[in-house]
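Everything below concerns the one structure shown next.
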Amino acid sequence: MHSNTLYIASLEPEAGKLVVTMGFMELLTRSMGNVAFFRPVIDTDRAFDPDIDLIRGRYCPSMSYEESYAFEASEVKTFLAEGRINFFLEELIKRLNKLKKRYDFVLCQGLNSTSFLAAFDQDINMEIAKNLGCPFVGVINGMNQTPRDIAKEIKITEDTITESGCAHFATFVNRMAEDTLGVLEVELDDPDESSGIPVFLLPEVEELDKPSLGDISDALGCENLLGLDEGMDRIVRQFKIAAMTMEHFLSHVEDGDLIIVPGDRDDIILATLSTLLSANYPNVAGLLLSGGFHPGKNTMRLLTGHEVTLPLLSVKSDTYTTTRNVAAVPALINPGDERKIALALGLFENHVDDERIRKMAELTSTPDTVTPVMFEYGLFERARSSKKHIVLPEASDERILRATEILLRRNVVDITLLGKPEEIAAHAASLGLDISSAVIIDPSNSELTDNFVQTFYELRKHKNMTPDGARDAMSNFSYFGTMMVYEGLADGMVSGAIHTTADTIRPAMQIIKTIPGLSVVSSVFLMCLDTRVLVYGDCAVNPDPNAAQLAEIGISSADTAATFGIDPKVAMLSYSTGASGKGADVEKVRQATMLAREKRPDLLIEGPIQYDAAIDLGVAKTKMPNSKVAGHATVFIFPDLNTGNNTYKAVQRSSGAVAIGPVLQGLKKPVNDLSRGCLVPDIVNTVAITAIQAQSIQE
């Protein structure tokens with residue numbers, strides 16, 4: 001799938017990512033037309049973000065300022081302090097997805113390198129890019145570095161980006177000395193030294209690192225004594241305080257000087273004007289008068305009575321304060337500063353093969369990376385796309401009520417709770433929850449009960465069920481909820497927060513039953529690792545499945561994986577790989593693999609295979625080099641519950657993986673089990689999963 005996003009970020013302060021951003025926007029808008037600009041986080045201490053102001057106005061004027069960014073830095077600090085980093089990342093995904101629906105391409109620009117970033121354990125820009133699924137463009141500051149230093153930094157950058165789980169699009173080294181650039185270009189042309197990741201080198205351009213006279217005037221709130229805009233785009237290369245006689249002052253004048261002088265020093269003012277009239281002196285950028293003094297009347301006549309215009313600015317602060325304020329003015333590229341804009345674009349175009357960049361952008365695929373936040377966000381989006389009705393029979397549990405409020409507020413599903421309406425409402429109110437849009441049914445006083453009793457009796461009378469027994473069963477909320485699913489009054493059920501797995505599965509087996517061709521209900525966990533999602537089965541239901549059951553578990557798990565967008569490559573796990581081992585346990589897996597292949601020749605299934613050969617490409621090349629699954633497995637089928645349950649917990653605890661499940665599979669309609677130790681987010685995710693399963697069954 002084509003990726004229509006890129007993420008540009010500086011890997012160190014003052015690297016010049018704006019120049020790179022402008023270059024990309026220029027070529028993208030020429031080749032793709034409808035391009036958006038997005039900053040996940042902007043600084044809090046500014047009235048507006050200058051990069052957004054420039055890029056939006058020049059390249060995407062149809063965007064509002066507000067949709068060009070997501071959060072201010074102060075908000076993100078609060079999220080971090082409250083442990084809500086996942087909320088922050090989910091909101092970014094939501095904002096970016098909205099832009100992707102409206103624009104052909106979205107160029108993202110990362111956070112500024114400030115002390116704010118030090119609050120994160122790892123580079124937050126890479127974490128954001130990974131979760132947004134954006135290929136990463138890193139910008140390095142090459143100023144005052146030797147070719148060897150820069151080459152090392154390029155290598156470190158490549159390794160860091162790759163290890164973070166981001167797709168690495170390119171690296172830019174900016175602000176390089178011309179001689180350093182020439183040496184490094186030769187080294188990078190050596191194929192033996194190249195990693196294959198494109199590296200582009202940009203020289204330092206002094207004018208881009210200096211403020212213009214207009215920047216200084218705006219920052220200090222200067223009065224323009226001549227009232228003219230001409231000359232305000234001049235670059236201030238350096239500033240000087242004129243605190244000496246005119247004779248000595250003239251010996252220190254340099255090209256691009258901003259002369260700072262008290263406003264009552266008419267001699268220095270006139271001497272500065274004289275430099276502009278003489279071919280023997282450099283051209284100064286302008287005059288800044290301090291102290292709030294203005295030149296005398298006759299001096300002003302001289303200043304305005306010739307064609308040469310000298311920018312003449314005035315401030316009320318004293319000379320020392322004025323000088324300090326000038327030194328603090330950043331070198332910005334403002335929307336109206338056409339000279340700097342042209343200089344920046346020229347720099348990019350002269351040193352970057354824009355055709356190569358354009359083709360790279362067109363060919364870049366969406367990274368295979370799937371983070372836990374991306375996966376969970378995707379669950380909600382899919383559940384919302386065709387909203388289903390889920391019944392929750394354990395409404396007496398506080399966690400269920402809290403999950404219900406979240407699901408209703410986020411418009412993920414419609415919900416029915418089972419229990420006495422007045423008790424549930426009172427419990428929710430005591431917790432400060434709003435569950436008013438949920439349907440509440442009391443099985444002991446419902447018009448549905450009689451019909452459910454009769455239906456259940458008909459379903460089970462061949463098993464010696466009696467009418468009274470059927471009525472007793474319907475007083476059990478799990479049976480009542482399962483019957484709602486069977487009758488189509490709900491699309492799925494989630495239970496198990498206060499009941500055992502058997503209490504959840506038994507009614508489903510008796511009423512809903514298994515999919516034709518399957519005899520076993522099994523489970524999987526969706527294991528959300530740092531950059532991918534794997535499927536583990538069976539880790540919760542079947543203690544010791546035989547070969548036929550194991551084959552069915554493998555097939556069901558592959559279908560479950562496909563339901564959630566995971567390309568199923570099934571590894572039937574054992575303690576040996578291929579034909580290397582013998583014994584009853586290995587033979588069971590070997591036979592299960594054969595049966596699964598016979599039933600579903602469309603699936604990629606490998607077994608028996610060890611876990612390391614299934615997941616690690618290096619091991620796979622040694623142990624099973626010709627396998628299409630080895631090293632690439634996404635679905636892992638364990639030979640028994642003991643192995644599966646321990647393995648998923650070991651991976652979860654040792655790697656920090658998010659384990660979603662157990663997800664039950666093999667039933668005609670979805671019913672899912674919760675762990676009695678589940679947390680509210682576990683319930684929310686399981687309900688969303690149940691809704692998606694219901695969608696796939698109807699499809």
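A compact table of results
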| read-out | value |
| --- | --- |
| Angle between the chain longest axis and helix 680-698 axis [Cα atoms, degrees, rounded to 10] | 70 |
| Computed [θ] at 222 nm, helices only, for the chain once each DSSP H run of length n ≥ 4 contributes -39500 (n - 2.57) | -13500 deg cm²/dmol |
| Binned Cα-Cα distance frequencies in region 258-327 - 5 Å width, integer % | 3, 17, 28, 25, 16, 8, 2 |
| Charge dipole (the chain, unit charges on Cβ, about Cα centre) - positive-most of Phe87, Val494, Pro282 | Val494 |
| Per-residue ³J(HN,Hα) for region 372-387, Karplus 6.51 cos²θ - 1.76 cosθ + 1.60, θ = phi - 60°, Hz, x for Gly and Pro | x, 5, 4, 5, 5, 4, x, 4, 5, 5, 5, 4, 5, 4, 8, 4 |
| When region 656-699 is reduced to its Cα atoms, the Kirkwood hydrodynamic radius in Å | 11.1 |
| Dipole of region 563-699, positive direction: furthest Cα of Ala659, Asn642, Thr690, with charges on the beta-carbon | Asn642 |
| Top positive-direction residue, dipole computed over the chain with Cβ charges, set Leu550, Thr466, Ser430 | Thr466 |
| Projected-area mean, the chain, by convex hull of Cα positions, square nanometres | 39.2 |
| Amide hydrogen neighbours beyond the local backbone of Phe200, cut-off 5 Å, H modeled | Thr171, Phe172, Val173 |
| Listed pairs Lys420/Lys668; Lys582/Lys623; Lys628/Lys668; Lys98/Lys340 exceeding 23 Å between Cα atoms | Lys420/Lys668; Lys628/Lys668; Lys98/Lys340 |
| Within the accessible area of the chain (1.4 Å probe), percent carbon and sulfur | 50 |
| Rounded FRET efficiency, nearest 0.05, which uses the C-beta distance separating Glu66 from Ser386 and R0 of 30 Å | 0.50 |
| 3J(HN,Hα) from dihedral phi, region 420-430, Karplus parametrisation 6.51/-1.76/1.60, rounded to Hz, x for glycine, proline | 6, x, 5, 6, 5, 4, 5, 5, 4, 5, 5 |
| Table column - 3J(HN,Hα) (Hz), region 543-557, Karplus curve with 6.51, -1.76, 1.60, x for Gly and Pro | x, 8, x, 7, 4, 5, 5, 5, 5, 5, 4, x, 5, 4, 5 |
| Space enclosed by the convex hull of the alpha-carbon atoms of region 387-433, per residue, Å³ | 59 |
| Kirkwood-Stokes translational diffusion coefficient of region 320-387, alpha-carbon pairs, 20 °C, 1.002 mPa s, µm²/s | 122 |
| Separation of the Leu431 and Arg301 label points, Cα + 7 Å toward Cβ, nm | 8.6 |
| Hull volume in cubic angstrom per residue (convex hull over the Cα atoms of region 359-500) | 164 |
| Cross-link reach list, lysines versus Lys621, counting only Cα pairs under 17 Å and skipping chain neighbours closer than eight places | Lys569 |
| Value of D in µm² per second that Stokes-Einstein yields for region 166-236, Kirkwood Rh from Cα pairs, at 10 °C (1.306 mPa s) | 102 |
| Estimated dipole of the chain in Debye, rounded to 20 [Cβ of Lys and Arg +1, of Asp and Glu -1, Cα centre] | 2560 |
| Relative contact order computed over region 274-330 (Cα-Cα under 8 Å; 6+ residues apart), in percent | 38 |
| Accessible area per residue in Å² at 1.4 Å probe, computed on the chain | 44 |
| Pairwise label distance in nanometres, Arg471 with Glu338, each label 7 Å out on the Cα-Cβ vector | 9.0 |
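The values are calculated or read from the model by the stated rules, or taken from the named source; none is laboratory data. Please read all numbers here as calculations on a predicted model, not as lab measurements. Backbone-built Cβ (ideal geometry, glycine too); neighbour counts: all protein chains shown. For accessibility, only protein heavy atoms count, side chains too; no ligands or nucleic acids. Shrake-Rupley method; radii C 1.70, N 1.55, O 1.52, S 1.80 Å.
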